[in-house]
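The next block holds one structure in the form of C-alpha cells; read it before the comments.
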Amino acid sequence: MSQYQFGSGVLFGRSLTNTPATPVRFGALQDVTIDFAFTVKPLYGSFQFPLAVGRGTGKVTGKANFAQFNAQAFNDLFFGLSNPATGETKTAVQEAQTVSANIVTVTHNTTYVQDLGVVKASDGTVYTRVAEGAEVGQQYSCNETTGVYTFNNSHNATAVLVSYQYTDAANGKIITMTNQLLGNAPQFIGVFTSIYNSKQITLTLNACMSSKLTLATKLEDWTIPSFDFEAFCDSSNTLGTMSMDE
C-alpha cells in the first residue's frame, strides 16, 4: 500500500565530531529538499539513440530552510568549533542620548565593546569621529574603554542617537569563528522524518557535511536561514537508510 506525506516534516542533526553530541532540531522548518543524483554515460553506435546507458557516480545533496536560530546547531553542524560559550555580543542601535557637559555616557558603558556611530536625532546628520580633544562642529570622540562620547561644547543639550556594541556575560551563546586548517569541517548524522495519517517516512543519512549557511533578511518578512549539506558513506561504506509504512 502506498502513502502520502504533507508538510515540511522534521529534520534533526547530530554531530559526529563532538562527543557526546547533543542532537539538534531544525526549528520552525519551512522546507527540506534532498536530491539523489547520478551521472549517466550513454553508449552510441551509428544511430541517434543510445544502445545502452551506464550509471556513474552518485551524489546526495540537501537544503533546509528553517526559522529558529540555534547556536548549538550552527556550531555543531556548520562551524565545528568548541561548544558555544555563555554570553553574547549585543548591538545598541541608535540609543537616544542627550549631550550634557560635552559628553554622553551610554547605557551599557561598563561592558562597552566598540563604537558604531552617532547621528543627530533631529535631522539625521552623521557626526564624524575624531581623536579625543579634537572635536569641532559635527564631530565627536569616543573612549572605547569607558563608553564615554565627547562632543564640542556647542552641542550641549543636543539629542543624539548612538550605536555601539556591548557584551552580556550572563545570557545567550557566542560562537568564536576562528581560522581552521583546510579540510576541517564537522560531520553529522542527518535524520528527516514526516508523518501523515499515521503513516511515516524516515530518511537517515549516516554521514553529512554542510557547505553553506545563508542568513538572508527581507523587509516586512521573516529571516529564514538556509542550510546546504551533502551526504556520503560512513566507515562501513553505508550511505544510510530510508524506511516507510506500507
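Within the bounds of the range 107-125, is there any residue that is open to solvent by 40 Å² or more (accessible area, probe 1.4 Å), assigned to a strand (DSSP E or B) and farther than 30 Å from Trp222 by Cβ? Yes; the residues of the range 107-125 include at least one that is open to solvent by 40 Å² or more (accessible area, probe 1.4 Å), assigned to a strand (DSSP E or B) and farther than 30 Å from Trp222 by Cβ. Only residues that are under 21 Å from Ala92 (Cβ atoms) and of a type in the set (D, E, K, R) were counted across the range 133-155, and they come to 1. Give me the residue from the range 63-78 that is out of contact with any Ser or Thr (no Cβ under 7 Å at 6 or more places or on another chain) and open to solvent by 60 Å² or more (accessible area, probe 1.4 Å) and, out of that set, nearest to Thr150 (Cα to Cα). Only one residue fits best here, namely Phe69. Is it the case that some residue within the range 151-158 is in a strand (DSSP E or B) and open to solvent by less than 80 Å² (accessible area, probe 1.4 Å)? Yes. For the range 220-246, which residues satisfy the criterion of being open to solvent by 50 Å² or more (accessible area, probe 1.4 Å), under 23 Å from Ala28 (Cα atoms) and aromatic (Phe, Trp, Tyr)? The answer is Trp222, and nothing else.
Looking only at the range 1-55, how many residues end up being part of a strand (DSSP E or B) and closer than 21 Å to Glu230 by Cα?
Residues of the range 1-55 part of a strand (DSSP E or B): 10-15, 24-25, 29-43, 52-55.
Going one step further and asking which of them are closer than 21 Å to Glu230 by Cα, we end up with 10-15, 24-25, 29-40, 55.
Residues that pass the stated criteria total 21.
The residues on offer are Thr204, Thr217, Thr178, Thr193, and the sole one that is touching a residue at least 12 places away in the same chain (Cβ under 8 Å) and either open to solvent by 90 Å² or more (accessible area, probe 1.4 Å) or not in a strand (DSSP E or B) (or both) is Thr178.
Of the residues that make up the range 82-95, is at least one open to solvent by 70 Å² or more (accessible area, probe 1.4 Å) and touching a Leu at 6+ places or on another chain (Cβ under 6 Å)? Within the range 82-95, one or more residues are open to solvent by 70 Å² or more (accessible area, probe 1.4 Å) and touching a Leu at 6+ places or on another chain (Cβ under 6 Å).
The values are calculated or read from the model by the stated rules, or taken from the named source; none is laboratory data. Just so we're clear, the structure is a prediction, and the values are computed from it rather than from any experiment. Methodologically, a virtual Cβ is constructed for each residue, glycine included, from the backbone with ideal geometry; neighbour enumeration extends over all protein chains shown. These accessible areas exclude ligands, DNA and RNA; they are computed on the full protein's heavy atoms, side chains included. Shrake-Rupley method; radii C 1.70, N 1.55, O 1.52, S 1.80 Å.
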